[in-house]
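Quick notes on the structure that follows.
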Amino acid sequence: MKSVFQSIQKLPQNELDQLDDLITFRTLKKGELLLKENEVCNEIVFIKKGILRSYFFNHQGDEITNCFTFENEFMASFSSFITQNVAEENIQALADTELQVLNREGLEKLYELGVHWQEIGRKLTEKEFVTLQKRMVSFQKLSGTQRYEELYQNHKKYLQLIPLQYLASYLGVTPRHLSRIRKAIL
């Protein structure tokens, strides 16, 4: 987590060391939930090892995967974290996962410590917004095949660890169509 913060905003070592007392560590077993729908998200996690997915159930009761998060990335139910309203999603480990955890109170303490931490928070928020915007646009501009190719280019080593039905749901295609896409690409 420190290296990511340092890449966003160069911090003096004493400011970076302020994280030491605020970060906790947690492991999740494959299939375990980090967050359940209708709970308030009070933590942002950084994935040291593993994969997390965010999913919800639509009006028909179908499980829809809306996000995968991989090693060296942050994950939270950001709207719940920011508003302190209940989450509309679940966050689940798709493999045994090692996390660094920063709770909301700890983040607020960092913001109070100075402008550098506020700048990091702003830049991370902007990055999440851009990621969300790109995902929305991809559903309007790209085919399922193109969305898979993009995921394949950026996260090839993880794709075999993600169950087919979750990947198909994320891409907005049927599992059968995803099988054809994968066959054509591989």
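The values are calculated or read from the model by the stated rules, or taken from the named source; none is laboratory data. Keep in mind that what you see is a predicted model, and the values were worked out from it rather than measured. Glycine also receives a Cβ, built like all others from the backbone with ideal geometry; neighbour counts cover every protein chain displayed. With ligands, DNA and RNA removed, areas are computed over all heavy atoms of the protein, side chains included. Shrake-Rupley method; radii C 1.70, N 1.55, O 1.52, S 1.80 Å.
Thr24 contributes about 80 Å² of solvent-accessible surface, heavy atoms of the protein only, 1.4 Å probe. Dividing the Cα radius of gyration of the range 53-138 by 2.2 N^0.38 Å, with N the residue count, gives 1.23. The phi torsions of the range 109-120, fed into the Karplus equation with coefficients 6.51, -1.76 and 1.60 and a -60° offset, translate into couplings of 4, 4, 4, 6, 6, x, 5, 4, 5, 5, 5, 4 Hz, rounded to whole numbers, with Gly and Pro shown as x. Pairs with C-alpha atoms separated by more than 29 Å, drawn from the list Lys48/Lys134; Lys134/Lys156; Lys29/Lys141; Lys141/Lys183; Lys10/Lys36, are Lys29/Lys141; Lys10/Lys36. For a modelled paramagnetic label at Asn38, 7 Å from Cα along Cα-to-Cβ, no residue of the range 54-71 is in reach, as no backbone nitrogen comes under 11 Å. Starting from the Cα of Asn66, step 7 Å along the direction of its Cβ; do the same at Val86; then give the gap between the two resulting points in nm. In this crude label model, Asn66 to Val86 measures out at 1.5 nm.
Working value for the chain: equivalent-ellipsoid semi-axes of 31, 18, 16 Å, each the square root of 5 times a Cα gyration tensor eigenvalue, largest first.
Comparing mean-square fluctuations of Asn66, Asn85, Asn154 from a GNM of the chain with C-alpha springs under 10 Å, the top value falls on Asn154. Shown in residue order for the range 14-31 are the 3J(HN,Hα) couplings computed by the Karplus curve 6.51 cos²θ - 1.76 cosθ + 1.60 at θ = phi - 60°: 5, 6, 5, 5, 5, 5, 3, 7, 9, 8, 10, 10, 8, 10, 10, 7, 3, x Hz (x for Gly and Pro). The residues of the chain have, on average, 58 Å² of accessible surface per residue, using a 1.4 Å probe with all protein chains present. Treating r as the C-beta distance of Lys134 and Arg182 and R0 as 25 Å, the FRET efficiency rounds to 0.65. Averaging the sequence gap over all C-alpha pairs within less than 8 Å and six or more residues apart, then dividing by the number of residues, gives the range 1-94 a relative contact order of 36 percent. Surface composition of the range 36-186: carbon and sulfur atoms hold 51% of the protein heavy-atom accessible area at a 1.4 Å probe.
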